[in-house]
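Step one of this worksheet: look at the structure below.
Just so it is clear, none of the values below were taken in a lab; they were calculated from the coordinates. This one's a predicted model, so the numbers in the text were calculated from it and none came from an experiment. Don't worry about glycine lacking a Cβ; one is built from the backbone with ideal geometry, like all the others, and counts go over all protein chains shown.
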Amino acid sequence: MMTKPAGLSFPASSNVSRMQPSSTLAAMQAAETLRAAGANVVDFGAGEPDFDTPDYIKQAATEAMRAGQTKYTPTAGTRQLQQAIIDFYAGEFGADYERSQVMATSGGKQAIFNAVVTLINPGDEVLMAKPYWVTFPEIVVFAGGVPVFIETEETGFLLKAYQIERELTPRTKLIILNSPSNPSGRVIPPAEFKRIMELLTERGIYVISDECYLRFVYPPAEVFSAASLPPELRRRLCIAGSFSKTYAMTGWRMGYALAGREWTQAMLKVQSHSTSNPNSVAQHAAAEAFNGPQDAVGAMLAEYSVRRAWLLDALKEVPGLTCNEPEGAFYAFPNISGCLKGTVRTSREFAQQLLDEELTVVTDGAAFGCEDYLRMSYATSREQLQEGLKRIKRFAEKLH
Ligand code: GLU
């Protein structure tokens, strides 16, 4: 007698079974699917600049391609890119990184991934402020670590040293900082950042500082990199950086890590067996992004600033929504608890029904650990913002 073939369900490893898929990428996918079907979608989901990559950067890529720069590079990236990263951090923040402490990665995400998996053992606790970027806990879980969430609602989501101190245990190994924060847009002021790093240094805790929105800060908040701290506060620090947002280069997948020599060595080992090196042509583009004129960044910041002001005003007109002023990045993170009624009981249901009824994409707050919130990216045109706000207002009015 023939035995029945085994079921086709895929026996995912326990590391992967514990992970959730990325909800920011799911929101992007939902928008893409609707657009492909010809729908008139408004997309506040993707944390992706609507600007094109500046021409001088594209030019560098074209030249690299024509010059045959199409081969493997060192795992840490080309010398030219390493030097561009070192020079940028020296020029902007007075930091003194050496080549052995710098590596290029395929997007900022790979820098964070490398940093977490090289440090975390099963059971190690990893702190992160709530709301957190969706990918932080998933990488920790993948590595067998235990994400520990720091409550920050009492300070309007601004992370303070005392809130970290409350969560430290003998098992705490690492904290992931993210200022400006995705999704809250909060920016840790330099003095508080220093206090945080002093506390963590004293307790021997490792730190990943995800600085992917570094340059998008709205005065009076200040641009601040952990690289500008004195060396004794940077002994257990890994900075994860990205070209994606600053230079509108999301598709090029270029990021970098700056860390101590030994941590960098371990990350290089992982990268040498995963992606080998980031794309060679994109590395030339990234080096030029740092070496070339920075006017495009200023122009993008100025435009985000106008959109931010407009959006914050417009959100005041939406019944049931309240929104803190984000000081950086390009997200608004409104509280929607006043809208959770009837068939809309959760932020997930809000986001889903808004998509179904108004073809408008947002990311639900639950994905970032905050049930009563929504994330809206304003890295989209003013026209889209206006149309989207009209739809959200109409949707919220129906709930009241
Ligand atoms: N970081 C962006 C976001 O949160 C891009 C998507 C992603 O990589 O998660 O929307």
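Residues of the range 164-183 with backbone nitrogen within less than 15 Å of a virtual label 7 Å along the Cα-to-Cβ line of E202, please, listed as ranges.
Under 15 Å, as judged by backbone N against the label point of E202, lie 164-169 of the range 164-183.
Extension gain R35-S100, at 0.36 nm per residue separation less the Cα-Cα distance, in nm? Don't jump to the answer; show the numbers that get you there.
Values: separation 65, 0.36 × 65 = 23.40 nm, distance 4.49 nm.
Full extension of this stretch gives 18.9 nm more.
Can you spot the aspartates and glutamates whose alpha carbon is less than 13 Å from K398's alpha carbon? Ignore those fewer than 8 places along the same chain.
Straight-distance partners of K398: E357, E358.
For the range 198-230, which chymotrypsin sites (Phe, Trp or Tyr not before Pro) are both in a DSSP coil and crowded by at most 12 other Cβ atoms within 10 Å?
Hits after loop and neighbour filter: nothing returned.
Can you work out ³J(HN,Hα) from phi for every residue in the range 31-44, in order, using Karplus 6.51 cos²θ - 1.76 cosθ + 1.60 and θ = phi - 60°, giving whole Hz and x for Gly and Pro?
Taking θ as phi minus 60°, the curve returns 5, 5, 5, 5, 4, 4, 8, x, 6, 8, 8, 10, 10, 9 Hz for the range 31-44.
Using θ = phi - 60° and the Karplus curve 6.51 cos²θ - 1.76 cosθ + 1.60, what whole-Hz ³J(HN,Hα) does each residue of the range 117-122 get, with Gly and Pro shown as x?
For the range 117-122, the Karplus-derived couplings read 6, 7, 10, 8, 9, x Hz, x marking Gly and Pro.
Measure off 7 Å from each Cα along the Cα-to-Cβ vector at E325 and R382, then give the distance between these two points in nanometres to one decimal.
2.1 nm
Nearest 10 degrees, 0 to 90: what angle lies between the long axis of helix 55-66 and the longest principal axis of the chain (Cα atoms)?
Approximately 50 degrees, to the nearest 10.
Return the single residue from S274, S337, S305 with maximal mean-square fluctuation; model: Gaussian network over the chain, springs between Cα atoms under 10 Å.
Per the Cα network of the chain with a 10 Å cutoff, S274 tops the list.
Report, in deg cm²/dmol and to the nearest 500, the calculated mean residue ellipticity at 222 nm for the chain, where each DSSP H run with n ≥ 4 adds -39500 (n - 2.57) and the sum is divided by the residue count.
Numbers: 13 runs with 160 residues, N = 400.
So the calculated ellipticity at 222 nm is -12500 deg cm²/dmol.
Add +1 for every Lys or Arg and -1 for every Asp or Glu among the other residues with Cβ under 15 Å from the Cβ of R261, and state the total. Walk me through the numbers on the way to the answer.
On the way: positive: R99, R234, R235, R236, K269; negative: D96, E98, E262.
So the surrounding residues net to +2.
Return the sequence-ordered ³J(HN,Hα) values of the range 92-97 in whole Hz as given by the Karplus equation 6.51 cos²θ - 1.76 cosθ + 1.60 applied to θ = phi - 60°, using x for Gly and Pro.
Along the range 92-97, the couplings run 7, 10, x, 7, 10, 6 Hz.
Taking the Cα centre of the chain as origin and charging only Cβ (+1 Lys, Arg; -1 Asp, Glu), how large is the dipole, in debye to the nearest 20?
Charge dipole, the chain, about its Cα centre: 880 debye, nearest 20.
In the range 339-372, which trypsin sites (Lys or Arg not before Pro) fall in coil by DSSP and have 11 or fewer other Cβ atoms within 10 Å? Before the final figure, lay out the partial values.
On the way: sites: K341, R345, R348; in loops: R345.
Here the trypsin sites (Lys or Arg not before Pro) that fit, given the DSSP loop and packing criteria, are R345.
Just check the range 72-229 against the gyration tensor rule for me: Cα atoms, a ≥ b ≥ c as the square roots of the eigenvalues, rounded for a/c under 1.5, and otherwise prolate or oblate depending on whether a/b exceeds b/c. Walk me through the numbers before you get to the answer.
Values: a/c = 1.74, a/b = 1.22, b/c = 1.43.
It is oblate, given that a/c is not under 1.5 and a/b is not larger than b/c.
According to the square roots a ≥ b ≥ c of the eigenvalues of the Cα gyration tensor, what is the shape class of the range 165-322, taking rounded for a/c under 1.5, prolate for a/b larger than b/c otherwise, and oblate for the remainder? Don't skip to the end; give the middle numbers.
On the way: a/c = 1.96, a/b = 1.16, b/c = 1.68.
Taking the square roots of the gyration eigenvalues as a ≥ b ≥ c, the range 165-322 is oblate.
Cut-off under 14 Å on the C-alpha distance; same-chain residues fewer than 8 positions from K316 excluded. Which aspartates and glutamates are left, in chain and number order?
Within the straight-line limit of under 14 Å, K316 reaches these aspartates and glutamates: E325, E397.
Here are some pairs, K58/K245; K245/K393; K130/K160; K71/K245; K245/K269; K71/K109; which of them have Cα atoms lying more than 20 Å apart in this structure? Write out the running numbers ahead of the final one.
Details: K58/K245 15 Å; K245/K393 28 Å; K130/K160 12 Å; K71/K245 26 Å; K245/K269 27 Å; K71/K109 23 Å.
Long pairs (Cα-Cα over 20 Å): K245/K393; K71/K245; K245/K269; K71/K109.
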